[in-house]
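Some notes on the structure that comes next.
The values are calculated or read from the model by the stated rules, or taken from the named source; none is laboratory data. Fair warning: this is a prediction, and the values are worked out from it, not measured in the lab. Because the Cβ atoms are built from the backbone with ideal geometry, glycine has one as well, and the counts that use them run over all protein chains shown.
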Amino acid sequence: MAPHPLSRPRDTLIRAFLLSFIPTILLFDALPIYPRHLVPTTLLNIHAWYIDFFNDVLVKHSPSWYQSFLTIELGFELPVAIWSVGKLGAGNKNTGAVYPVLLVWAVVCALTTGVCVVEFLRSPEMSQKEKGMMAAMYGGYGLIFAAIGADVFGRMVKLAKHVGLEGAKKKL
């Protein structure tokens with residue numbers, strides 16, 4: 001019988017975040033790369049509203065470095081998020097292998113998000129109010145990525161100490 005999801009609450013929280021992160025990438029962040037005629041008008045309208053309301057200069061102007069971040073998001077962050085959802089599932093007892101991958105994922109996500117925050121905070125095109133809204137939105141994601149990274153790093157250290165102690169006992 002599979003363990004209850006709440007038997008591993010931190011994994012359940014990370015998994016829930018990833019399950020919300022995946023559609024955000026697919027339905028919003030990746031819109032600029034989809035052929036326009038394949039994107040539903042509703043999604044295009046939401047995207048246009050977002051740009052108008054928040055004045056997100058990164059989405060609006062899509063500088064080349066930001067496009068490379070989108071490539072990282074689609075080529076690394078999205079596949080790792082999908083893979084991790086399965087690995088963190090309640091029925092999967094062997095979750096240890098996911099932690100090093102999630103650590104790298106969290107660091108990449110936090111760093112790319114941080115670069116975006118710095119860039120729009122320096123933008124002369126955005127009002128202070130717009131910068132504040134964007135800092136709250138991007139910053140919220142950045143804090144979640146950092147928290148996931150800190151959590152899995154802590155678990156890895158604990159596991160390494162445990163394995164190290166067990167290995168030392170065997171040598172004695």
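Residue by residue, here is whether (1) on the phi > 0 side of the Ramachandran plot; (2) crowded, with 18+ Cβ neighbours inside 10 Å; (3) in contact with a helix residue (DSSP H, G or I) (Cβ under 7 Å, 6 or more places away or on another chain) holds:
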position: Glu77; (1), (2), (3): no, yes, yes
position: Gly96; (1), (2), (3): no, no, yes
position: Leu102; (1), (2), (3): no, yes, yes
position: Pro124; (1), (2), (3): no, no, no
position: Ala135; (1), (2), (3): no, no, yes
position: Gly140; (1), (2), (3): no, no, no
Check your understanding: Does Val39 qualify as being more than 25 Å from Thr12 (Cα to Cα) and surrounded by 15 or more Cβ atoms within 10 Å (Cβ to Cβ)?
Key -> yes
Practice item. Would you mind telling me which numbered condition in (1) at pLDDT 95 or above; (2) buried (at least 17 other Cβ atoms within 10 Å of the Cβ) Phe120 fails? Key: (1)
Revision key, fill the gap. The one condition Gly75 fails out of (1) in contact (Cβ under 8 Å) with a residue 24 or more places away in the chain; (2) more than 20 Å from Ser20 (Cβ to Cβ) is (1)
Point to revise | Filter result (of a type in the set (Phe, Trp, Tyr) and under 23 Å from Gln128 (Cα atoms)) within the stretch 22-58 | key: Trp49, Tyr50, Phe53, Phe54
Exercise for review: Looking at (1) touching a residue at least 12 places away in the same chain (Cβ under 8 Å); (2) closer than 21 Å to Val117 by Cα; (3) loosely packed, with under 15 Cβ neighbours inside 10 Å, find the lone condition where Asp52 falls short.
Suggested key: (1)
Check your understanding: Residue check: is Phe69 farther than 30 Å from Leu159 by Cβ, at pLDDT 95 or above and not polar (S, T, N, Q)?
Key -> yes
